[in-house]
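Read the figures in this text as sums done on the coordinates, not as results from a lab. What you are looking at is a predicted structure, and each value in this text was computed from that prediction instead of being measured. Don't worry about glycine lacking a Cβ; one is built from the backbone with ideal geometry, like all the others, and counts go over all protein chains shown.
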Amino acid sequence: MNRVACTLLLLAAASTNALAPESASFVGRRNFFGLLGSGVAGAAALAANPSEAKAALKTGASAYFTGDYDDPNHPGCLRQVKVVGAPLRADGSRSAYPVVEVVGYDGKEGEKSCSARPTRADLWKIQGKLKSDKEATIDFSPKGGPTNLLATWDGDGIVFPDGNKWTKVIQGTNSRRPEDMSTLKSN
């Protein structure tokens, strides 16, 4: 049940008690209308901002997408995904959609796999938005791919519309990170 419905139910319950003079919780007409006004104002505020009424999406280690992956199109290459909170807007609010950060390495020019560790300069980084706990859109345009590519969590990995699936590596892939990259840590 959403917050608006809960507010209205509480308001109805309060109004029943407020109008019953034999009740121990009797309140006067003025208090009743004050209560009514508060409930209506609260319901209007929630209706005006429906993103507040829905459950927050998971971020950090609790997000399905967060982790290290194997990409069959780039065997042995770094694929790390993190879900972080949306940045603050100018008005101090945040988007309801957390940011999905993808850091990767595709190997040396002409190679299809990654035999050596990358340096920090070799890494690429792209971002997207978490739309639900199991769906995200990722902007691959900085790498020459599509914008807003749908990525779906299927239980043990991320599936893309072309059929490619990145499989999550539970123990992480520390050997695929640059040696000087202490900020990239597996969860």
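The label-point distance for Asn148 and Ile170, in a model that sets each label 7 Å from Cα toward Cβ, rounds to 3.7 nm.
Spatial offset of the range 67-95 relative to the range 106-178 amounts to 9 Å, using the alpha carbon center of each. Exceedance of the 26 Å cut-off in Cα-Cα distance is limited, within the set Lys108/Lys129; Lys112/Lys134; Lys112/Lys168; Lys58/Lys112; Lys108/Lys143; Lys108/Lys165, to Lys108/Lys129; Lys112/Lys134; Lys58/Lys112.
For Asp91 and Ala55 in one chain, what is 0.36 nm times their gap in residues minus the Cα-Cα distance, to one decimal in nm?
Roughly 10.8 nm would be gained on extension.
Counted by neighbouring Cβ atoms within 10 Å, the residues Ile126, Ile158 run from fewest to most as Ile126, Ile158.
This ranking places Arg117, Arg177 by how few other beta-carbon atoms lie within 10 Å of each, fewest first, which gives Arg117, Arg177. Give me the log10 of I(q) over I(0) for the range 60-176 at q = 0.17, 0.21 Å⁻¹, as the Debye formula computes it from C-alpha points; what are the numbers? Here the Debye-derived log intensity ratios amount to -0.85, -1.24.
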